[in-house]
Each structure stands twice: as C-alpha cells, then as structure tokens.
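The structure appears right after this line, and notes come after that.
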Amino acid sequence: MWKPDRSIKQPIYQQITDYMEHRISFGEFPPGSVLPSERKLADLLGVNRSTIVQAYEELRASGLVESAKGSGTRVSMHKWGITPKQTPNWKQYAEGGTFLPNLPFIRRIREELRNRESIIDFASGELSPDLFPNAIIRDLLQNKPFQEHLGYEDPQGFSPLRSSLVSFLEQHLHIHATDSSILITSGSQQSLFLITQCLLSPGDAVAIEDPSYCYSLPMFQSAGLRLFRLPVDEHGINPEDILTLYRRHRIRMIFVNPNFQNPTGSTLTLERRVRLLEIASELGVPIVEDDPFTLTALDGNPPPTLKSLDTTGNVLYIGSLSKIAASGLRIGWLIAPQAVVSRLTDARQQMDFGLSSIPQWVATQFIEEGHFENQIIKLREALLEKRNEMIRGLQQLIQENVSFTPPQGGLNMWCKINGSVDDFKLLDEAIKKGVIFVPGSVYGSDHGYIRLCFARPQLDEIMPGLNLLKEALQLPCLVRSSRIPAAFT
Ligand SMILES: Cc1ncc(COP(=O)(O)O)c(C=O)c1O
C-alpha cells in the first residue's frame, strides 16, 4: 500500500492529492464513484484526518471531486470530458455473475487483517509464518536446479508430484491411490469448487455438517445447491441422520470433515465412521471427505481416514499441504475414480490450464527429499504448545465466560460463550480492543459460539489476545439481538 514519503519536501497533503488524482485518472475510481471516507483514508495512509481534509479540498477546488452532505466525496461526473453515458456501470457489473460475494463478516475480517498489522489474529485458520518450512524451501530453490519445462502443465497435475503423493498417502494415511486417481488442485478449496460445479447440478440436495466450514463458503449457494444439516456433537455427525435426510430430500452427496473438524475440532468415532460408510454404500451416495487436518494429530497418532476404510469406492478424498506445511504453496489433491478425475481435469483445463509447475515441483522435492517428516514433528510440538497455552489462558482469564472441549488436532478452539451474548457484537468490540476471531454463526445456525485459531498467533500473543477478549466480553452492550446473517435465514 502506498504511503506518503515523509523524507521529501513536498507537503504530505499534496502527495496525497497527487496520489488520488492518479488513481482517479487511471480509472480506479470512475466518474460518480465514492472515494474512501476521510477517516478511513487517514487510517490507511497513517496520517491525520485534517491532512486528508486538506487533500480532498484541493481535489474539490480542481473540480475533480464533489462533496454532498451525507453522501461523501465522489469523483466528478464531468471532468476529463467524460459523460456518464460513456462510462460503464461498474457497480452493476461487479454485482453481476453467478458467483456470490463472501459473507460480509468474512470480508470485514479480511479487511481488518489487511489494514491493522498489530491486531492479534485468532481468525485466520492457518499456521503462523514461523511454522512454514521457509528455510527448507529456500534451500531447495538454491541447491536444486529447476529443469522442468515451463510450458502448460498437465491439468491433472505434475506427474512426479502425483507419484510422490501415492507413497506419501500410503505411508502417512494408509490410503491406496494411483497416479491416475489423483488430481492436483489449488488447495482443497479448488477441489470443493470443482465438485460443487461439475459433479452436482443446481437444485441438488447435499448434506453438510452443522456447524461446518462449508457454511462459510458462498460457493455452495452459488452452485444452487440445497443444503441440509447434519448436527455435529463431540463425536462428529450421527450417521443415522443421513437416512432421514435421504428419505426426505434424496440427498446426492455428503460433505464431511471427520478428523479435527473445522470449526468444532471434533473427531468422528470409529463406530460412526463404519456406519457412515455402510449407509453411504447402501444408498449409493458419495461422501466427500475434506481432510486438511488428520496429520496434525497432537499425539502423533492420526485417526484413520474414511478413505482408508472405504472398500466400496464411495469416498472422494480431498487433502492439501495448507495446514501441515504452507497454505501459500496452494497444493491440494483429490482422489477419485477415473471418470471423476477425467471430468474434473477437463474442467480444470477450461478454468486455468492447471496449476503452475513451480509450486508442484517444490512440493515434489519437499516430499521426495524427506523434509515432510521433520516438518510434521516440529509442527505438532508447536501446535501442542500453542493449544495448551490457549487452554491455560481460557481457564485463567475467562473460565466463567466460555466452555470448550480441547481439540486433539487441527488448528482451532471452538468456544461456547456462556450466557446470552451476540457473537457479532462481540467481534466488533474485540476488534476495537485489538483482537480478532471468527463468530461461530458464520459456520452454521447457532449463535453464541466463537472460533479461536491457536495456530496463527505467536505463542506469546495468545495470553495478551485472550486478555483483550476478556475485556471485550465484560462490556455491558453485548446482549444478543435477533440479527442473523442473510445466508442462514
Ligand atoms: C475444512 C477445510 N477444508 C478446506 C479448506 C481449504 O484449504 P486449502 O484450500 O488451503 O487447502 C479449509 C481451510 O481453512 C478447511 O478448514
């Protein structure tokens, strides 16, 4: 983000005037569009509001912008000889298309995180930067010559990576796969996208866990799917609920995250797993096993995956390196029958011609040279320490306010707020104090829960973050209203 240069002679308000003039003339703010409020721009650029007032005054004096009471500062319609008729209605275009925007609270969280570096982040469901294998990847890039061709890669995925994954999956998860049953995707997110877009049709009924990561993804609604809930308790979903849903709605697919579920952290018992597979095969309904967390098992004993127990070919398995190595590599995989892999590969070719060979090559070296084993040992130790610190903090600081079950893996602590507290109001207050989390209702229907990620903050930020949360929780203004985000009504 551009910032005014305090070391040069030109006054700061003037630099800001020039900067905004540039953005307007390049069409970033077309005629008629609203400029950021004075307060927001002052925050973004780290200057006093009066400096922005002065800069906007200059722009107004040159006729480039206009202000009207109550509607902010807008780019003038008549400057540069541009008339409104010639200007596309960008707002209308931006609201078009079939892809729904992210939930307002997800956008709000993203914006706060982008603009306030100092905020303590319990919201992002990822590892802290020191847990990524940066040093290993730096060494790989320095010492290992990259000699692959740089043409379009096979849209099914870089063949050496698929071969490495065959042994990786066998060794770590007891999953039998072949090169041709694996599709490399840009993270698990893309597998979910491809499945919802290519294997299902608008109007299809699907069963998803409640609460579930899937509710935070408008991608399911964009695909026109009808979502039905499978309540999750501390042992995961109850498979018998699937029978009821099937009878009523003829569900076409079941989405589950059986190990260290996001957001609850719960793990499906072996008995329920076996029954789930039995029911799915009786009904002939596929299960999508979304499995980013199994290898984070804090005791080093990962629970079995559904895929490793599946003898009838009902499970589409989705994994990724995001939560066990680095989310920025964007390396994910889908294991599926041939017909499905070739349909999704074809779609992939239409979408983006497949993933760049560079991260796929990096991931191959990372796995082939045995770095993953060290990474996962270090990661588990660090996650255990952070989880324990969060438990300690919650017990010491806000024991009367929250109840929780310590997760045995994954990255998140799912907390029930005792009493009648509006989780969205709590988020507002917490942000003001300098800490951020995800309100539980983003993941489904229930109010009064919050998801705290213990992996993203540094160890020494966890206590201070919980202290700020405690202060927010003590505010008298948090009584619950009936506001429910639009996606869940
Ligand atoms: C359950 C679950 N599935 C899928 C994803 C997507 O992860 P990625 O695309 O980074 O692999 C996430 C990310 O938080 C997740 O929690």
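Here are some notes:
- The stretch 400-446 and the stretch 4-39 have Cα centres spaced 38 Å apart.
- Which of Gly313, Val232, Ile324, positive extreme of dipole for the chain (C-beta unit charges): Val232
- Cα gyration tensor shape of the stretch 345-410, rounded if a/c is under 1.5, else prolate or oblate by comparing a/b with b/c: oblate
- Estimated D of the chain in µm² per second, where Rh is the Kirkwood radius over Cα pairs and Stokes-Einstein applies at 20 °C, 1.002 mPa s: 86
- Between Gln338 and Asn374, the simple label model (points 7 Å from Cα in the Cβ direction) yields a spacing of 4.1 nm.
- For the chain, with +1 on Lys and Arg beta carbons and -1 on Asp and Glu, the positive-most of Leu473, His249, Met20 along the dipole: Met20
- Rounded to 10°, Cα long-axis angle of helix 338-352 versus longest principal axis of the chain: 10
- 0 to 90° range, to nearest 10: angle between helix 423-433 axis and the chain longest Cα axis: 60
- Taken along the Cα-to-beta-carbon direction at a fixed 7 Å, the label points for Ala68 and Leu100 span 3.3 nm.
- With a Förster radius of 35 Å applied to the C-beta separation of Asp446 and Met1, the computed FRET efficiency comes to 0.40.
- Loop-located GluC sites (Glu not before Pro) in the stretch 380-412 whose Cβ has at most 13 other Cβ within 10 Å (DSSP): Glu400
- Dipole magnitude of the chain, debye to nearest 20 (Cβ charges: Lys/Arg +1, Asp/Glu -1, about Cα centre): 1540
- The per residue volume of the convex hull around the alpha-carbon atoms of the stretch 12-93 is 98 Å³.
- Within-15-Å neighbourhood charge of Pro263 [Cβ basis; K, R +1; D, E -1]: -2
- Each Lys or Arg adds one and each Asp or Glu subtracts one; over the other residues with Cβ under 14 Å from the Cβ of Leu329, this totals +2.
- Table column - 3J(HN,Hα) (Hz), the stretch 96-102, Karplus curve with 6.51, -1.76, 1.60, x for Gly and Pro: x, x, 9, 8, 6, x, 4
- Violating pairs (Cα-Cα greater than 18 angstrom) within the set Lys9/Lys40; Lys386/Lys433; Lys3/Lys432; Lys3/Lys40: Lys9/Lys40; Lys386/Lys433; Lys3/Lys432
- Computed FRET value (nearest 0.05) for Asn418 with Asp241, which takes r as the C-beta separation and R₀ as 30 Å: 0.65
- Residue separation of Gln197 and Phe26 scaled by 0.36 nm, minus their Cα-Cα distance, works out to 58.0 nm of gained length.
- With Cα atoms, 0 to 90° folded angle of helix 371-398 axis to the chain main axis: 70
Where a number appears in this text, it was derived from the coordinates with a stated rule and is not lab data. Remember, predicted model here, so these are calculated numbers, not experimental data. For neighbour counting, all protein chains shown are included, and Cβ atoms are generated from backbone atoms with ideal geometry for every residue, glycine included.
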